[in-house]
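Participant: Mind looking over this structure? Questions follow.
The values are calculated or read from the model by the stated rules, or taken from the named source; none is laboratory data. This structure is a prediction, so every number in the text was calculated from the model and none was measured. Every residue, glycine as well, gets a Cβ built from its backbone with ideal geometry; the counts of neighbours run over all protein chains shown. Heavy atoms of the whole protein, side chains included, go into the accessibility calculation; ligands, DNA and RNA do not. Shrake-Rupley method; radii C 1.70, N 1.55, O 1.52, S 1.80 Å.
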Amino acid sequence: MSVEIVRNYFKENNIEKEILEFPVSSATVELAAQAVGVEPARIAKTLSFYTKEKDAAILIVTAGDMKIDNSKFKHFFEMKAKMLAKEDVEPLTGHAIGGVCPFGNPEHTSVYLDVSMKRFDTVFPAAGGSNTAVEMTCDELEQFSKSKEWIDVCKQIL
């Protein structure tokens, strides 16, 4: 179970954060916002894309009210955005759909954080399971996810 991967990751990295586990699904932004009791924008959703070589994942963590802006993505990564196929999500991210998060991923996974989250004091990314979340500041998210950098590749969902 990938929530155990995240627990172990936190333990190995001396991260003192409580993983919230819910009796209901938090697999979508809307469900997570209801489970946590916050506005959907504060859910830090993790979107997964192929690398140019299609042998690893690029994870982009963004605010729940945002989506990928294809032209910004192409400009930054110098390739077209192609989300992972269902069958590639778990092998390339270490987590099943609904629980993909920026913690405890395979070594070859690259994590980027979208600037859209910086407007909040804290955000709630998933923690490996489709009924989990963890509250953290953007600084903590940057540190704990071992992200490469903050980027601007999203736009607000209309």
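Participant: Quick check: from the Cα gyration tensor, does the stretch 59-113 come out rounded (a/c under 1.5), prolate or oblate? Each step should come with its number before you reach the end.
Facilitator: Working: a/c = 1.72, a/b = 1.52, b/c = 1.13.
Judged from the Cα gyration tensor, the stretch 59-113 comes out prolate (a/c at least 1.5, a/b above b/c).
Participant: Got a sec? Charge dipole of the stretch 14-158, +1 on Cβ for Lys and Arg, -1 for Asp and Glu; which of GLY128, ILE58, ASN70 is way out at the positive end?
Facilitator: Towards the positive end, the residue furthest out is ASN70.
Participant: Right, another one. Could you give the length gained by full extension between ASP88 and ASN8, i.e. 0.36 nm per residue of separation minus their alpha carbon distance, to one decimal place?
Facilitator: Working: separation 80, 0.36 × 80 = 28.80 nm, distance 2.28 nm.
Stretched fully, the ASP88-ASN8 segment lengthens by 26.5 nm.
Participant: Would you mind telling me the antiparallel percentage of the DSSP bridges in the chain, rounded to 5? Walk me through the numbers on the way to the answer.
Facilitator: Details: 14 of 23 bridges.
Of those bridges, close to 60 percent are antiparallel.
Participant: What lysines could a cross-link reach from LYS67, if we take a straight Cα to Cα line under 29 Å and drop same-chain neighbours fewer than 8 places away?
Facilitator: LYS17, LYS45, LYS52, LYS54, LYS80, LYS82, LYS86, LYS118, LYS146, LYS148, LYS155
Participant: Counting other Cβ atoms within 10 Å of each Cβ, which trypsin sites (Lys or Arg not before Pro) in the stretch 30-113 have at most 14 and sit in a DSSP loop?
Facilitator: Numbers: sites: ARG42, LYS45, LYS52, LYS54, LYS67, LYS72, LYS74, LYS80, LYS82, LYS86; in loops: LYS52, LYS54, LYS80, LYS82.
Of the trypsin sites (Lys or Arg not before Pro), the ones in loops of the stretch 30-113 whose Cβ has at most 14 other Cβ atoms within 10 Å are LYS52, LYS54, LYS80, LYS82.
Participant: Would you mind working out the accessible area per residue for the chain, using a 1.4 Å probe, and quoting it in Å²? Could the numbers behind the result be given before it?
Facilitator: Working: 8200 Å² over 158 residues.
Per residue, the chain has 52 Å² of solvent-accessible surface.
Participant: Within the chain, which is the longest segment that contains none of the GluC sites (Glu not before Pro) sitting in a DSSP loop with at most 13 other Cβ atoms within 10 Å? Mind dumping the intermediate values first?
Facilitator: Numbers: sites that count: GLU16, GLU18, GLU53, GLU78, GLU107.
With GluC sites (Glu not before Pro) excluded where exposed in loops, the chain gives 108-158 as its longest stretch.
Participant: Note down the magnitude of the dipole of the stretch 1-123 about its Cα centre, charges +1 on Lys and Arg C-beta and -1 on Asp and Glu C-beta and zero elsewhere, to the nearest 20 debye. Before the final figure, lay out each step's value.
Facilitator: Working: 15 positive and 18 negative charges, 91 e Å.
Dipole about the Cα centre, nearest 20: 440 debye.
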